[in-house]
Amino acid sequence: MLDVRRLRLLHELKIRGTLADVADAMKYSPSSVSQQLSLLEKEAGVKLLRKSGRRVQLTPQAEILVEHTAELLKTLEQAETELAASLTAVTGTVRLAVFQSAALALMPDFLTAMRSEFPDVRVEMTQREPETALYETWARDFDLVVAEQYPGHAAPHHAGLDRATLTTDALRLATPPVELGGEAINSLADTAGLPWVMEPHGAASRHWAEQTCRQAGFEPDVRYETADLQAQIRLIESGNAVAIMPDLVWTGRSRSVQLLELPGLPRRTIFTSTRTAGRIHPAIQACREVLERVAALRSP
C-alpha cells in the first residue's frame, strides 16, 4: 500500500520543482523530504526520480502516481468539506490571500464581521499579488483568494478553481491637485512626457496601464516603480507623478488628487476564487458571504 503522505510529497515536487521548495512548503527539512521519497520508491518498486544537474526530475512512472495523487487529494478535500458541512457549527481555518487595495478597503470590516458572526472561524490573511495568489491557491497554499482582473487582461485560470465576482470599480487617471510640468492636465493625452508611477513589471495593472497609454498615442515615462499604492498616492499628491488609480483605493480616505475619466470608462473586476473541491466548506462559504456584503457596502 502506497503511503498518502509520501505521495503528497511527490505531488508537491511536481508543482514546486525542487526538494528545497517542497521542504519549505511542507515544513520539512530537505533531507527528510528526500528520505520519504526514497521510501516511496521502495513501496512503489520503481524508480521515481532521476538526477538532472543539481535538480531531480520525475520519471514517467512518477508522473502516473502524481496524476492519481491529484485526484486522491481532491477526493480527500471533498470528504473533509462534506464532513464539515454536516455539522451545525461553522468552524475551521481559512487561509486567505488578498492584494493591497482590497486589503485596505475590505479587510478591516470583513475581519470585524467574521469575528462577530463566526467566532470559531480562524482567518489567516496574507497579502499577495493576484497572479501569484491564484497559483498558490491551486497549489493548496491558500484556501481562498481575493483577486483582480483588468479590462481585456484576463487573470490566469487554473483547473479546479472557481470564480465569483465581488465588485467592480472604475479606473481613473490620478493627477496632482496642482499643475504638473507647468500645464493643466485635462485628459490622458496631456500626460505624455510627464513622470508616471506604476507597479513593477509583471503586474497586470502595469501592463494594462502601459497599453492604455500606448492606445492614447504615447509611451509613458515611468520614472517611479512601487507596488505600494499608498506610496503612489503620496507621489501624486506631492506633484511628482501621475498614475491610473482604481476607485477602491479611496475607501476610508479623502480624494486628495484630481481624478479624470479614461477613454471608454474602464472598470476593474474584483473576484474571489477557491478550489471547487472545497467551495461548499461552511467556513469558506461564510468568508465569501461576508466579503460579498462588505464589498456591496464599499462599492465606489
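Results, tabulated for the structure shown:
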read-out	value
Any hit, region 278-290, residues being crowded, with 18+ Cβ neighbours inside 10 Å, in contact with a Pro (Cβ under 9 Å, 6 or more places away or on another chain), at pLDDT below 95 and not assigned by TED's automatic domain parsing to the domain that holds GLU77	no
Filter result (modelled with pLDDT of 90 or more and loosely packed, with under 12 Cβ neighbours inside 10 Å) within region 51-66	PRO60
Test set (1) buried (at least 18 other Cβ atoms within 10 Å of the Cβ); (2) at pLDDT below 95 - PRO151 fails condition number	(1)
Residues of region 236-246 classified as surrounded by fewer than 21 Cβ atoms within 10 Å (Cβ to Cβ) and in a helix (DSSP H, G or I), total	1
From ARG8, ARG50, residue being of a type in the set (Lys, Arg) and touching a residue at least 60 places away in the same chain (Cβ under 8 Å)	ARG8
Filtered residue count, region 87-113, keeping only those that are aliphatic (A, V, I, L, M), part of a helix (DSSP H, G or I) and surrounded by fewer than 21 Cβ atoms within 10 Å (Cβ to Cβ)	5
Test: residue in region 79-86 that is surrounded by 16 or more Cβ atoms within 10 Å (Cβ to Cβ) and either in a helix (DSSP H, G or I) or assigned by TED's automatic domain parsing to the domain that holds ARG288 (or both)	yes
Among residues of region 35-72, those that are under 27 Å from ARG275 (Cα atoms) and charged (D, E, K, R), counted	3
Among (1) more than 11 Å from the chain's Cα centre (by Cα); (2) surrounded by 15 or more Cβ atoms within 10 Å (Cβ to Cβ) - the single one ALA159 does not satisfy	(2)
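The values are calculated or read from the model by the stated rules, or taken from the named source; none is laboratory data. Everything quoted here is computed from the prediction, not taken from an experiment. Cβ coordinates were reconstructed from backbone atoms using ideal geometry, including for glycine residues, and neighbour counts include every protein chain displayed.
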